[in-house]
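The values are calculated or read from the model by the stated rules, or taken from the named source; none is laboratory data. Just so it is clear, the model here is predicted, and its values are computed rather than measured. When we count neighbours, we look across all protein chains shown, and the Cβ atoms used for this are built from the backbone with ideal geometry, even at glycine.
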Amino acid sequence: MNSSRRVAVLGGIRIPFARQNGPYAQASNQDMFTATLDALSEKFGLQGEVLGEVAAGAVLKHSRDFNLTRECVLGSKLGAETPAYDVQQACGTGLETTLTVGGKVALGQIEAGIAGGVDTTSDAPLAINEDLREILLEAYRTKSNVERAKLLTKIRPTQLVPEIPRNAEPRTGLSMGEHTAIMAKEWGIGRADQDELAVESHHKLAAAYDTGWLDDLVLPYLGQERDQNLRPDTSVEKMAKLKPVFGGEDGTMTAGNSTPLSDGASAVLIASEEWANERGIPVQAYLVDAQTAGVDYVHKREGLLMAPAYAVPRLLARHELSLQDFDFYEIHEAFAAQVLCTLRAWEDPVFCQERLGLKEPLGPIDRSKLNVHGGSLAAGHPFAATGGRIVAALATELQEKGPGSRGLISICAAGGMGVTAIMEAA
Amino acid sequence: MADRYQQLINTPVGKILSKQIGLPSPVTLQRYEPGQPVIDGPVLFGAAAGSTLTPAIAQTLASAEAEVRTPLQEEARQAAADAGIEAGIFNPETADEADRFKAVVFDASGIADPADLVEAYEFFHATIRRVGANGRVIVLGRPPDQIEDPQRHVAQRALEGLTRSMGKEVRRGSTSQLVYVAETAEAEIESTLRFFLSPKSAYVSGQVVRIGQAVSTWDGVDWERPLAAKVALVTGASRGIGESIAEVLARDGAHVVGVDVPAQEAQLSEVTGRLGGSALTLDITDEDAPEQIAAHLQDNHGGVDVVVHNAGVTRDKTLGRMTDDLWRMVIDINLRAPHRIDEALFRRQAVRENGRVVLVSSISGIAGNAGQTNYSTSKAGIIGMVEAYSGPLSERACTINAVAPGFIETQMTAAMPIATREAGRRMSSLQQGGLPVDVAETIAWFANPASAGVNGNVTRVCGQSLIGA
């Protein structure tokens, strides 16, 4: 980040993630994120504290939540004078907020801030039918009551069906899963590999709960103590029984190796070293640098979720690092196929030479260093909350590993984007 | 240009009939038109582990601007990347049922012992049914006779059985070839690979081609007009296959000097006039014909680059009934004349550097044919010429190769009795006769300046005929 000051990650917290229409069905984005802010305040003693800023966001958001984060701050135990703003970069939101807050810390504009994200797919905003909306707006603009009455007679029963938010790319009409199915086919990613990655994710997350590793990172919420999606006893055999949901009948992607629609929230405390030292809060890790990238999945037909594969090599080049120079790889498991496509791309001479312009492939990673405490396939994926979950987990992993250890974060996002970052242990 | 049976069988009713009663169902072969790409569909490019021809293959595919996919195989993907090809991945496990390839190219050079042949099996087992109509199967290996290790020798030799059998399995106008590339001759494969990928090789299947050291250096060629500024001599150029050879060589940029007997003068002049070439009328069996030809080429063109000995006759009689003059005539025209002409041309050093001698043998010269002892003898002799001269001529920076046509639709075959004609047409993998242009395209491949490593080959243009296989 070419910083004048090092950006310290002090730690994070989240609520357990729930499946759509599960225990958080009645909880709003505000409810969940306010609770998460309070949990973070509790953890670091921030009650009444006025911070530099809080940056957070939600991918699915009601229009009344135009100032979602600020409203949450006002409802939280943080000092009410703490400014806040919303960020939205699809699934990259959570990590992007970390970068914006971190950037301001680096530049000395603020001393400390909170980054985070929240999403609910249960309490989702419904939009009224587009035809109905046009009629209503026209009626609103019209001055004469007679004209208004005439317009209202145009309303038809079919227009009363609301528009439900869809997890689809506006420019292709394809859902993210369908896009990923195309990628999986293009990269020749088989079913068994995807299932295996998903099973490992569940087993690792289950172990993280069982060993108490997550005690400090997850605060029970609405009676939920662990991520609802977690299946500790799942197996490759069980996974193999699931029917494909994307990519047609002979597709390889199932509900098991794809993330479910989820509800949840996360937040991370970021500060300058001075600020942390003054308060006696240990620094877990430093945010070293970040890189975002976009791909043209519309015209150039690059895979929708391949942007991180482009972002990471830029990051590596800037720091003269190889892909193997990391102790931890936190790759967001939107779909097992996304992770496997990315890893395969980095090993592939054609991709690395032709598309990345490198002399040779980045090479394979040590898979035992990948998502060591489980990933989104097991935890679930409330879009904007995933970044905070990952930053907090990696910071803890680095702190445990000790000085000199280094971690890579890679998060793919809708719209053909990717957000990636490097963190180092304090 | 489909024959009548082909036209009938390709009607809706014909298709049903052929399926029900198992009649041969030849497809209309795709043939080359100027301006066409080398190959108009995706190419699957695979390799056995440890194969070493992948860089050269990838370079040709890149230069031919082919759309390429490869399996997840190290050598193939690395070669594609190094050649600048944005190669897609093909994984049979996840590929669409409907995925088809216009060509499947497999580098088998890494196959070191018979057990490794399973790699070729695995590759083609998963892909052969994905070869589309007018598709191409090309396997590349190392010439067995140049391999010291017996195991490797055996394995490489074994490939021939695979490619010849695949030629019989692919159907729908598809072909299968084996190309043996000598060590250090990798740079010479492009003209051959392009030829076998393209519709130019429509009627060539089940062949084994050897590529060795280039007889001469050559600077890049313009693949649209590889024979630009070259002079090509074509005997028997006034009609039939000879006319087609003249046309194709002229299309490729050559100035064609057509030769034929005085009786054919008008027709010959028409052909060479149309092609912007020149005509030379003489009887090639005349005592001084070779000298006349050599002098003509030197005086008017400063020499010659490509010599195509196409002139040939048949005078069929069973041996017991064959008269002495019929024997002599056929041997003189078909075998002695090419020999004498070459002798004169090389003695007078009329053939320029990176020159080409192309002979026309015949399937009869390989398999023999009742009633054609004279003809078959002459055509087998042609193969002897290739064998005898490929060494000496390479020292004079010249290659010598022969085509061996099978059943080619000409006036000669049109005059055959129907049963013989139909048998000739259908008894081949492609289940139809070839066209003169198929012979001509094969000759043009030999003639290409980039074919400097293609020497001593006899390539059949027979649709993988069952005869003499």
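Does B:Thr192 satisfy the condition of being in the same structural domain as B:Val131 (by TED's automatic domain parsing), of a type in the set (Val, Ile, Thr), assigned to a helix (DSSP H, G or I) and more than 21 Å from B:Leu297 (Cα to Cα)?
Values: in the same structural domain as B:Val131 (by TED's automatic domain parsing): yes; of a type in the set (Val, Ile, Thr): yes; assigned to a helix (DSSP H, G or I): yes; more than 21 Å from B:Leu297 (Cα to Cα): yes.
So B:Thr192 passes the test.
Can you give me the number of residues within the range A:185-198 that are within 9 Å of chain B (Cβ to nearest Cβ) and either touching a Leu at 6+ places or on another chain (Cβ under 8 Å) or polar (S, T, N, Q) (or both)?
3
So is B:Leu61 surrounded by fewer than 18 Cβ atoms within 10 Å (Cβ to Cβ) and either more than 10 Å from chain A (Cβ to nearest Cβ) or within 29 Å of A:Gly251 (Cβ to Cβ) (or both) or not?
Working: surrounded by fewer than 18 Cβ atoms within 10 Å (Cβ to Cβ): no; either more than 10 Å from chain A (Cβ to nearest Cβ) or within 29 Å of A:Gly251 (Cβ to Cβ) (or both): yes.
Answer is no for this residue.
Would you check if A:Gly418 is out of contact with any Cys (no Cβ under 8 Å at 6 or more places or on another chain), assigned to a strand (DSSP E or B) and surrounded by 24 or more Cβ atoms within 10 Å (Cβ to Cβ)?
Details: out of contact with any Cys (no Cβ under 8 Å at 6 or more places or on another chain): no; assigned to a strand (DSSP E or B): yes; surrounded by 24 or more Cβ atoms within 10 Å (Cβ to Cβ): yes.
In short, no.
Which of the residues that make up the range B:285-323 are touching a Lys or Arg at 6+ places or on another chain (Cβ under 6 Å) and either in a helix (DSSP H, G or I) or surrounded by fewer than 22 Cβ atoms within 10 Å (Cβ to Cβ) (or both)? Quick ask: steps written out before the conclusion?
From the range B:285-323, those touching a Lys or Arg at 6+ places or on another chain (Cβ under 6 Å) are B:290, B:294, B:303, B:305-306; that's our starting set.
Of everything in the range B:285-323, those that are touching a Lys or Arg at 6+ places or on another chain (Cβ under 6 Å) and either in a helix (DSSP H, G or I) or surrounded by fewer than 22 Cβ atoms within 10 Å (Cβ to Cβ) (or both) turn out to be B:Pro290, B:Ala294, B:Gly303.
Which of the following residues is under 22 Å from B:Gly50 (Cα atoms) and more than 7 Å from chain A (Cβ to nearest Cβ): B:Gly88, B:Gly110? Give the derivation first.
Numbers: B:Gly88 fails: more than 7 Å from chain A (Cβ to nearest Cβ).
Result: B:Gly110 is the single residue among B:Gly88, B:Gly110 that is under 22 Å from B:Gly50 (Cα atoms) and more than 7 Å from chain A (Cβ to nearest Cβ).
May I ask you to say which residue of A:Pro382, A:Pro403 is more than 14 Å from chain B (Cβ to nearest Cβ) and surrounded by fewer than 22 Cβ atoms within 10 Å (Cβ to Cβ)? Lay out the reasoning, then the answer.
Values: A:Pro382 fails: surrounded by fewer than 22 Cβ atoms within 10 Å (Cβ to Cβ).
Just one listed residue meets the conditions, A:Pro403.
How many residues are under 17 Å from the mean Cα position of the chain (by Cα), under 16 Å from B:Leu280 (Cβ atoms) and hydrophobic (A, V, I, L, M, F, W, C) if we restrict to the range B:236-262?
3
What about B:Val27, is it within 14 Å of chain A (Cβ to nearest Cβ) and either among the small types (Gly, Ala, Ser) or within 19 Å of B:Leu197 (Cβ to Cβ) (or both)? I'd like the intermediate steps shown before the answer.
On the way: within 14 Å of chain A (Cβ to nearest Cβ): no; either among the small types (Gly, Ala, Ser) or within 19 Å of B:Leu197 (Cβ to Cβ) (or both): yes.
In short, no.
For residues that are in contact with a Lys or Arg (Cβ under 7 Å, 6 or more places away or on another chain) and within 21 Å of B:Ala202 (Cα to Cα), scanning just the range B:389-430, find the one that is surrounded by the most Cβ atoms within 10 Å (Cβ to Cβ).
B:Gly406
Quick check on the range B:324-347. Is at least one of its residues surrounded by fewer than 21 Cβ atoms within 10 Å (Cβ to Cβ), at pLDDT 95 or above and in a loop (DSSP other than H, G, I, E, B)? Talk me through it step by step, then tell me what you get.
So in the range B:324-347, the residues surrounded by fewer than 21 Cβ atoms within 10 Å (Cβ to Cβ) come out as B:324-329, B:331-332, B:336, B:339-340, B:343-344, B:346-347.
Filter once more, keeping what is at pLDDT 95 or above: B:324-329, B:331-332, B:336, B:339-340, B:343-344, B:346-347.
Adding the requirement that they be in a loop (DSSP other than H, G, I, E, B) leaves none.
Checked against the condition, which is being surrounded by fewer than 21 Cβ atoms within 10 Å (Cβ to Cβ), at pLDDT 95 or above and in a loop (DSSP other than H, G, I, E, B), the range B:324-347 yields no hits at all.
Which one of these is modelled with pLDDT under 95 and not basic (Lys, Arg): B:Thr175, B:Thr163, B:Thr184, B:Thr192?
Working: B:Thr175 fails: modelled with pLDDT under 95; B:Thr163 fails: modelled with pLDDT under 95; B:Thr192 fails: modelled with pLDDT under 95.
Within the list B:Thr175, B:Thr163, B:Thr184, B:Thr192, the selection yields B:Thr184.
Is the range B:396-411 home to any residue that is of a type in the set (Lys, Arg) and either closer than 20 Å to B:Ser244 by Cβ or modelled with pLDDT under 95 (or both)?
Within the range B:396-411, not a single residue is of a type in the set (Lys, Arg) and either closer than 20 Å to B:Ser244 by Cβ or modelled with pLDDT under 95 (or both).
Are there helices (runs of 4 or more DSSP H) fully within the range B:387-469 with at least 2 residues that are closer than 14 Å to B:Ile363 by Cβ and without any contact (Cβ under 8 Å) to a residue 40 or more places away in the chain? List them. Steps first, answer last, please.
Values: elements: B:411-414, B:418-426, B:436-447.
Of the helices (runs of 4 or more DSSP H) lying wholly inside the range B:387-469, those with at least 2 residues that are closer than 14 Å to B:Ile363 by Cβ and without any contact (Cβ under 8 Å) to a residue 40 or more places away in the chain span B:418-426.
Quick one: is A:Ser201 more than 14 Å from every other protein chain (Cβ to nearest Cβ), of a type in the set (Ser, Thr, Tyr) and either within 17 Å of A:Gly380 (Cα to Cα) or crowded, with 22+ Cβ neighbours inside 10 Å (or both)?
Numbers: more than 14 Å from every other protein chain (Cβ to nearest Cβ): yes; of a type in the set (Ser, Thr, Tyr): yes; either within 17 Å of A:Gly380 (Cα to Cα) or crowded, with 22+ Cβ neighbours inside 10 Å (or both): yes.
When the stated conditions are applied, A:Ser201 passes them.
Anything in the range A:1-36 that is surrounded by fewer than 22 Cβ atoms within 10 Å (Cβ to Cβ) and in contact with a Pro (Cβ under 9 Å, 6 or more places away or on another chain)? List them, or say none.
Across the range A:1-36, the qualifying residues are A:Arg19, A:Gln20, A:Pro23.
A:Arg389 is checked against (1) in a helix (DSSP H, G or I); (2) within 14 Å of chain B (Cβ to nearest Cβ); (3) among the basic types (Lys, Arg) and fails just one. What number does that condition carry?
Every listed condition holds for A:Arg389 apart from (2).
Of the residues in the range A:323-365, how many are assigned to a helix (DSSP H, G or I), away from chain B (no Cβ under 11 Å) and in contact with a strand residue (DSSP E or B) (Cβ under 7 Å, 6 or more places away or on another chain)?
Qualifying residue count for the region: 3.
Assuming A:Ala334 fulfils every condition listed in (1) over 25 Å from A:Ile189 (Cα atoms); (2) touching a His at 6+ places or on another chain (Cβ under 7 Å) apart from one, which condition is it?
Exception for A:Ala334: condition (1).
Of everything in the range B:97-118, what is closer than 18 Å to B:Asp40 by Cβ and assigned to a strand (DSSP E or B)? Give them in sequence order. First the steps, then the outcome.
Pass one, the range B:97-118, residues closer than 18 Å to B:Asp40 by Cβ: B:98-105.
Passing the criteria: B:Phe101, B:Lys102, B:Ala103, B:Val104, B:Val105.
Here's the yes/no breakdown for (1) assigned to a helix (DSSP H, G or I); (2) surrounded by 15 or more Cβ atoms within 10 Å (Cβ to Cβ); (3) at pLDDT below 90; (4) touching an Asp or Glu at 6+ places or on another chain (Cβ under 6 Å):
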| position | (1), (2), (3), (4) |
| --- | --- |
| A:Leu137 | yes, no, yes, no |
| A:Arg148 | yes, no, yes, no |
| A:Leu151 | yes, yes, yes, yes |
| A:Thr158 | yes, no, yes, no |
| A:Arg171 | no, no, no, no |
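On the basis of being under 20 Å from A:Arg344 (Cβ atoms), in contact with a Ser or Thr (Cβ under 6 Å, 6 or more places away or on another chain), within 14 Å of chain A (Cβ to nearest Cβ) and not hydroxyl-bearing (Ser, Thr, Tyr), does B:Glu75 make the cut? Even if it seems obvious, please write down each step before you answer.
On the way: under 20 Å from A:Arg344 (Cβ atoms): yes; in contact with a Ser or Thr (Cβ under 6 Å, 6 or more places away or on another chain): yes; within 14 Å of chain A (Cβ to nearest Cβ): yes; not hydroxyl-bearing (Ser, Thr, Tyr): yes.
In short, yes.
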